[in-house]
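**Student:** Here it is: the structure, laid out below.
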Amino acid sequence: MSKIKKRLLYFLGVVALAYFLMLIPDSDKAGGNAAASKAFTWNKDLLWSQLEDNFRAAKLENKSKVDSNIQALFLSGEELVDKIKLPGIAAADTNFTLLLNNFFSLAPLIAAQPQQRDSFIRLYSKIRREVKLQSQHWDINDVVVRNSLYQLLYGMRAAEEEVLLQTASVPFDAAINVTDVVSATPAAKLFGITVHSGDLLVSRGGAEVSALISRGNDYPANFSHVALIYVNEKEDAFLIEAHIEKGVAVSSLAQYIKDKKLRCMVLRPRADLRQLQEDKMVPQKAAKLAYDEALSRHIPYDFKMNFYDSTAMFCSEVASYAYRKNGIYLWQGVSTISSPGVVDWLNAFGVENFVTQMPGDLEYDPQLGVVAEYRDPETLLKDHIDNAVMDVLLEQADKGKQIKYNHWQLPFVRIVKGWCMAKNYFRKPGIIPEGMSATRALKNQYFVAMYQALKTKAVAKIDQFKKDNHYLPPYWQMINLAREAAAEQ
């Protein structure tokens with residue numbers, strides 16, 4: 001045998017050995033236990049069905065009769081708003097339930113005949129302001145309180161957005177101002193909204209994992225990301241946020257806007273908080289702290305979601321850390337994840353803490369006021385479809401569906417991971433994020449493919465529903481259609 005052949009065989013042998021060695025699975029199974037809590041469930045399928053029937057009937061009903069019903073419900077709603085303004089009212093007060101039911105009854109009528117949609121949105125903002133004011137005196141960690149607050153804030157948003165989607169042919173303002181929370185810090189403009197240094201921006205990204213983060217919670221939410229805004233004395237605005245790809249970083253307003261957002265909400269510490277009464281510049285100090293730390297040290301992304309350890313940070317932790325250092329403890333109601341399927345899937349991506357700080361739960365913190373909300377008419381539908389698909393996938397997760405990966409691709413991905421680690425050393429992001437193993441990168445690839453496959457089938461069914469019924473399926477129907485699509489896979 002020639003020397004060339006021997007060398008070639010030796011080389012191939014080394015390559016084969018290296019390949020098979022790199023097939024050895026990672027021992028990167030994350031730890032952590034599910035939260036000792038219970039996921040919220042609506043259990044109102046009959047009500048959702050009745051509301052849809054009311055919508056169909058109202059589309060065919062005499063306009064004057066529908067208008068009369070709308071006016072009666074508006075009148076009842078305003079009377080109930082006056083009742084929930086009483087001092088010391090409890091979260092379990094029946095007037096909140098009556099107000100929620102009244103709002104749900106009003107929604108399908110407005111969706112059928114949207115001439116009074118603006119009045120409906122104003123009523124929604126008024127109720128939200130009063131609920132947030134009353135929640136300042138509630139124990140947010142009490143289950144009854146949390147359930148009531150969730151039904152009111154999340155449930156009314158869901159109803160309002162059903163109206164917006166059903167009447168999308170009538171233009172609506174993307175930005176809606178909710179509460180004028182006084183701030184002494186420098187200001188800037190974002191999405192046409194005046195934001196102040198120290199404001200918290202919760203948003204929903206367009207990536208598949210964003211849907212998992214927003215929905216994978218005991219209280220499924222609309223938001224998957226948190227950023228803290230810093231505005232300097234020259235009114236230059238920056239966003240401090242943790243990215244999976246590169247850790248904690250500082251972005252300009254233009255960069256923040258360019259990064260795909262399906263929705264955004266502006267939250268601000270209340271001006272009457274004791275800490276702000278003592279020093280009205282606390283939000284500015286918190287924002288400046290986050291800004292300085294992001295520029296002075298490398299802070300990798302915290303896949304474990306451990307908000308007690310600031311050596312690495314996830315998005316919520318950036319905000320909570322900066323404010324905690326300035327005496328304000330955000331997320332007074334901690335987030336819990338108790339669903340076995342959700343825990344298993346998040347565990348597959350390295351999450352170890354299931355009592356944590358989820359972006360969507362920041363809305364319920366009574367220390368914060370809702371300043372404004374931004375929903376792009378073009379992306380609101382995508383947000384709802386993404387949520388429905390993810391909700392059905394998480395149902396499958398609870399039934400034992402696993403996130404797998406292609407074992408034979410592992411050696412090649414490990415080589416890519418090595419290159420990414422070299423880039424990370426020089427403070428540059430790689431295509432596999434710092435802190436994510438090759439195995440988890442493959443699991444993410446599997447998760448995305450699984451999600452997209454179901455979404456493609458679900459969208460086809462949604463389009464057919466719209467063609468057959470001449471209206472967009474409401475969210476509960478999107479869930480049913482996604483379930484049908486999943487059953488056919």
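The values are calculated or read from the model by the stated rules, or taken from the named source; none is laboratory data. Since this is a predicted model, take the numbers as computed values, not measurements. Note: ideal-geometry Cβ built from the backbone for every residue, glycine included; neighbour counts use all protein chains shown. Just the protein is used for accessible areas: all its heavy atoms, side chains included, with ligands, DNA and RNA removed. Shrake-Rupley method; radii C 1.70, N 1.55, O 1.52, S 1.80 Å.
**Student:** If I model a spin label as a point 7 Å beyond the Cα along the Cα-Cβ vector, how far apart are those points for E395 and S296 in nm?
**Tutor:** Simple spin-label model gives 5.1 nm for this pair.
**Student:** Here's something else I'd like to know. Add +1 for every Lys or Arg and -1 for every Asp or Glu among the other residues with Cβ under 15 Å from the Cβ of D398, and state the total.
**Tutor:** That works out to +1.
**Student:** Can you give me the angle between helix 315-324 and the longest principal axis of the chain, using Cα atoms only, in degrees from 0 to 90, rounded to the nearest 10?
**Tutor:** 70
**Student:** If you don't mind, another one. Once a ≥ b ≥ c are taken as the square roots of the eigenvalues of the Cα gyration tensor of the range 325-387, is the result rounded (a/c under 1.5), prolate (a/b larger than b/c) or oblate (a/b not larger than b/c)?
**Tutor:** Taking the square roots of the gyration eigenvalues as a ≥ b ≥ c, the range 325-387 is oblate.
**Student:** Also, I was wondering about something else. Using a/c under 1.5 as the rounded threshold, could you call the chain rounded, prolate or oblate? The axes a ≥ b ≥ c are square roots of the C-alpha gyration tensor eigenvalues, and prolate needs a/b larger than b/c, oblate otherwise.
**Tutor:** Oblate is the answer for the chain, as a/c is 1.5 or above yet b/c matches or exceeds a/b.
**Student:** What does the net charge come to around N353 if you take all other residues with beta carbon closer than 10 Å to its beta carbon, with K and R at +1 and D and E at -1?
**Tutor:** Neighbourhood net charge equals -2.
**Student:** Run the helix sum for the chain: -39,500 (n - 2.57) per DSSP H stretch of 4+ residues, divided by residue count, reported at 222 nm to the nearest 500 deg cm²/dmol.
**Tutor:** Here the helix-only value at 222 nm equals -17000 deg cm²/dmol.
**Student:** While we're looking at this one, here's another question. For the range 213-306, what is the accessible area per residue in Å² when the probe is 1.4 Å?
**Tutor:** 41
**Student:** How large, in percent, is the carbon and sulfur part of the accessible surface of the chain at a probe radius of 1.4 Å?
**Tutor:** 56
**Student:** Please work out whether the range 142-227 counts as rounded, prolate or oblate from its C-alpha gyration tensor, where a ≥ b ≥ c are the square roots of the eigenvalues and a/c under 1.5 means rounded, while otherwise a/b larger than b/c means prolate and anything else oblate?
**Tutor:** It comes out rounded by the Cα gyration axes.
**Student:** Can I ask one more? In square angstrom, rounded to the nearest 10, how much accessible surface does L98 have for a 1.4 Å probe?
**Tutor:** Result for L98: roughly 90 Å² accessible.
**Student:** Further question: Which distance in Å, rounded to a whole number, links the C-alpha centroids of the range 368-424 and the range 228-246?
**Tutor:** Each part's Cα centre sits 24 Å from the other's.
**Student:** Taking θ as phi - 60°, what are the ³J(HN,Hα) couplings along the range 465-473 by the Karplus curve (6.51, -1.76, 1.60), each to the nearest whole Hz, with x for Gly and Pro?
**Tutor:** Per-residue couplings from phi come out as 4, 4, 5, 6, 9, 6, 7, 6, x Hz.
**Student:** Based on the alpha carbon coordinates of the range 107-180, what radius of gyration and maximum Cα-Cα distance (Dmax) apply, in Å?
**Tutor:** Just the Cα atoms of the range 107-180 yield Rg and Dmax of 13.9, 42 Å.
**Student:** I would also like to ask the following. Once you've got the Cα coordinates, tell me which of K63/K189; K132/K261; K189/K246; K189/K461; K38/K260; K401/K423 are over 30 Å apart.
**Tutor:** Violating the 30 Å limit, Cα to Cα: K63/K189; K189/K461; K38/K260; K401/K423.
**Student:** Dipole size in debye (nearest 20) for the chain around its Cα centre, Lys and Arg Cβ +1, Asp and Glu Cβ -1?
**Tutor:** Charge dipole of the chain: 2020 debye, to the nearest 20.
**Student:** Using R₀ = 56 Å, calculate the FRET efficiency as 1/(1 + (r/R₀)^6) where r is the Cβ-Cβ separation of A72 and Q409; round to 0.05.
**Tutor:** That pair, A72 with Q409, gives E of 0.35.
**Student:** What is the set of long-range amide H partners of G369 at a cut-off below 5 Å, with H atoms built 1.01 Å from backbone N?
**Tutor:** Correct list: R268, R270.
**Student:** For the chain, take the longest principal axis of its alpha carbons; what is the angle in degrees between that and the long axis of helix 282-296, to the nearest 10 within 0 to 90?
**Tutor:** For helix 282-296, the angle is close to 20 degrees.
**Student:** Suppose we flag chymotrypsin sites (Phe, Trp or Tyr not before Pro) only when DSSP calls them loop and at most 15 other Cβ atoms lie within 10 Å. Which is the longest uninterrupted stretch of the chain?
**Tutor:** Answer - 43-307.
**Student:** With label points built 7 Å along Cα→Cβ from the Cα atoms of V448 and N469, find their separation and express it in nm.
**Tutor:** In this crude label model, V448 to N469 measures out at 3.3 nm.
**Student:** Let me ask something else. What does the accessible area of E52 come to, in Å² to the nearest 10, when a probe of 1.4 Å is used?
**Tutor:** 10
**Student:** From largest accessible area down, sort S64, S338; use a 1.4 Å probe on the protein chains.
**Tutor:** From most accessible down to least: S64, S338.
**Student:** Okay, next question. Taking a probe of 1.4 Å, how large is the accessible area per residue of the range 348-454, in Å²?
**Tutor:** Each residue of the range 348-454 exposes 41 Å² on average to a 1.4 Å probe.
**Student:** Next question. Would you mind checking the range 423-460 for residues with the amide N under 19 Å from a putative spin-label position 7 Å along Cα→C-beta of I24?
**Tutor:** 437-440
**Student:** Turning to a different aspect of this structure: For the range 341-346, in order, what is each residue's ³J(HN,Hα) by Karplus, 6.51 cos²θ - 1.76 cosθ + 1.60 with θ = phi - 60°, in whole Hz (x at glycine and Pro)?
**Tutor:** x, 5, 4, 4, 5, 5
**Student:** With θ taken as phi - 60° and the coefficients 6.51, -1.76 and 1.60, list the Karplus ³J(HN,Hα) couplings across the range 48-54 in order, rounded to whole Hz; mark glycine and proline as x.
**Tutor:** For the range 48-54, the Karplus curve yields 4, 5, 5, 5, 5, 4, 4 Hz.
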